[in-house]
Every structure is written in C-alpha cells, then in structure tokens.
1. Within the chain, which is the longest segment that contains none of the chymotrypsin sites (Phe, Trp or Tyr not before Pro) sitting in a DSSP loop with at most 14 other Cβ atoms within 10 Å?
2. Which FRET efficiency value, to the nearest 0.05, do you get for GLN313 and ASP112 by plugging their Cβ-Cβ distance into 1/(1 + (r/R0)^6) with R0 = 30 Å?
3. Which ordering of LEU68, LEU269, LEU187 is given by a fewest-first count of other beta-carbon atoms within 10 Å?
4. How much length would be gained if the chain were fully extended between LEU59 and ARG122, taking 0.36 nm per residue of separation minus their Cα-Cα distance, in nm to one decimal?
5. For GLU334, put the label point 7 Å out on the Cα→Cβ axis and report which residues of the stretch 1-37 keep their amide N under 17 Å from it.
6. Explain nothing, just the number: dipole magnitude of the stretch 1-148 about its Cα centre with +1 on each Lys and Arg Cβ and -1 on each Asp and Glu Cβ, in debye rounded to the nearest 20.
7. Give me SER235, SER279, SER135 sorted ascending by neighbouring Cβ count inside 10 Å, so fewest comes first.
8. Between ASP3 and HIS327, what FRET efficiency comes out of the Förster formula 1/(1 + (r/R0)^6) with R0 = 30 Å and r the beta carbon distance, rounded to 0.05?
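Where a number appears in this text, it was derived from the coordinates with a stated rule and is not lab data. Since the model is a prediction, treat every value here as computed from it, not as a measurement. Cβ placement follows ideal geometry from the backbone for every residue including glycine, while neighbour counts extend to all protein chains displayed.
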Amino acid sequence: MTDEKKFWIGFNLVRGIGAVRFQQIQSYFGDLSIAWQAPIEAFEEIGLPKRALKNFSALRSEIDLDRLYQSITESDVTVLILLDEAYPALLKEIDQAPPVIYVKGALTPADDFAVAMVGTRRVTAYGQQVARDTSTYLAGHGLTIVSGMARGVDALAHQHALQAGGRTIAVLGCGVDVVYPPEHRKLAEAIAENGAIISDYPMGTQPEGINFPPRNRIISGLSLATIVVEAGERSGALITADFAVEQGRDVFAVPGNVFSPASRGTNRLIQKGAYAMVSPQDVLDVLDLTQVEDYKDARRALPADTTEAKILQVMDYEPIHVDEICHEVDLPVEKVSAALTMMELKGMVQHVGGMRYAAIREMTRK
C-alpha cells in the first residue's frame, strides 16, 4: 500500500485534478502507478482539461515521489486514501469524498460519533455562550467536535471540547503543516494531541480564500450533524449547512434575535427546515445518541470487517505472536498489523510486548 499511496499523493498535487477527475483516472487505468507512467495522450482520451494536463506533465517531470512520501512520514503526518480501512467511515459515504487526506494527530473509532459546530468569526457574547455551553456539553457526552479552527465560533468549539476532556477535529483550508490563523498555533498543538488536524490539501499549501468553501464539505462529511451557532446571511457556515443537507445529514441552527445580523443566517435555516437547537440535549435526542458510551461499547465488541473477525477467531487469553496470527488467518503481516492496531484502540485485543497479542476476555469469540 505504501508504494501505491505515493502515486495517490502525486495526483493529489496536480492542480485541476479533484475528486471527480481522480475517480475517472483510477477507473480508466485501474492502477494509479500505471496512470503516473502513462503518456499524456491517454489522459486526453478521458477528457482531462488542457490546464490539468499541463500541470500534470510539469509536476511528473519534477517531483520525486519516494522522497516526498518519506518527508511526509518523517513529519508525523499520516496520509489516508480512500482504500485505507482507517479512512473515516462517515466521510467515505459522501459524494466526491476526498481521495487523499492528511492527518496530524490521530483519528480513532470514537470519531464516528462526531458533530460539526460552525459559525461566524464575529461572534457575539450570546454566540460565545452558546458555543461554549454546547461544545462542553456534547464533548462531555462523548461526541467528537468537528470545526474549521477559524476565529470566532470555530475556535470556541475546539477550545471548550478540549477543556471538557473530549476529542476535537479541525479541518483546514491549507496544509496540515500550516497554522491558520497564525495566532491559533497553541490551539492547533492541543488539537493534534487530543484529536486530529485534517486537510485534503497537500503539505505546504497556503491558505487562500478559494480553499475554504470546498473544505466545508469535509467538516460536514465527518459529522453526523452540523450545528450552526451564529451566521450572517453570507456566512461560510451556511455553506457547511448546505453541504450537510446534500450529504443527508441533519442541520441544527441556534435561534437568535431577529434584529441581530449574526442570527439572520441561523434564523433563515430554521425557516427552511433546520432543527432549532434551544438546548444541546436536542442534538442527542434527534440523533438518538443519549447513550453514546453504550454505542461505543457495542461497537468495540463487534469486528468491523472480515479481517478483524478472522483475527478474533484465532485469538485467546494467552498471548500469540503476530507471525502465528498471520499463518492462522492466511493474511500478509502488514494487513494483520494494521488490523491489530485498530483492534487495540477499540479495546478488543492488547499488545503484551514482543509482537505478541492477547484477546481481552469479554471480547473473545471462543
């Protein structure tokens, strides 16, 4: 997968090749390593725009994919592609899911229970209180808070989720190695330590205005629902709400003073059918997540796929070496190791040292 992943990163660098073009290329060539070596004429056959062709041709002649991939891994950034089991399940469900995402920090199965909180940068005292109370309450009930690390509501959502001891995810409109706005450097460090910073933009990408609306689809895509705290009539938070609706996710809006410009967007959302959030408990009730920890416990007890199921069948209370597990399930060591890492995070197995693992008693299938 490592060798294949570098080609995904390569195509992700090409301006003019987004999720749709990416899918076209993958479908046509079947393998991105083949596509990377293919003549330009082959790309013309699938209708790649001339500008994208020019960009690809120039990039391919200049870049060393092996060196690039090594530099990314050495910077403690994880690259996830759509083929990875660790790619966020909720995000994978949306149309035009980003083929490549860069992750600073760590995603965990707990992040399947996430809600987005977004709103204006010019947040009022009322909005500050709502953002603080809502983020604190939902994080305290086991939900991961997703936002964009912008000034205003976004920053408050992250900060209070962390203060409540919860997890939070920031989705950037720049590379994960670029802090924007710059005054949020300490916040970014805290998020990476207690959640994840995510972007589908390549490392080193600087923040530009055109980057932010597209990244909003990732904020809503990672979330079961989107909460808009305050938003003017042209707020970017409304773009996130629109993406949530397109993705079939619920939208909550905080009602506000009809004379306040900061509440015009949220009040309009309610007029259009969004849930009026008058208490954070409303979110848990509508999503039927009043017992989030019980849901998580049930999820931990079940294998996520056939690989986990096979491994669980051969596990016992006595430690077993990873080589023996590979032999028993007839799978390559890299696939088994990746599955064991996820199973350990889920509390299904424990690593006892020396590449040996044991089943946790209540999780055994024997």
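1. 1-258
2. 0.80
3. Neighbour counts put them in this order, fewest first: LEU68, LEU187, LEU269.
4. That works out to 18.7 nm of additional length.
5. Label zone hits: 1-10, 31-34.
6. 780 debye
7. SER279, SER235, SER135
8. According to the calculation, E is roughly 0.75.
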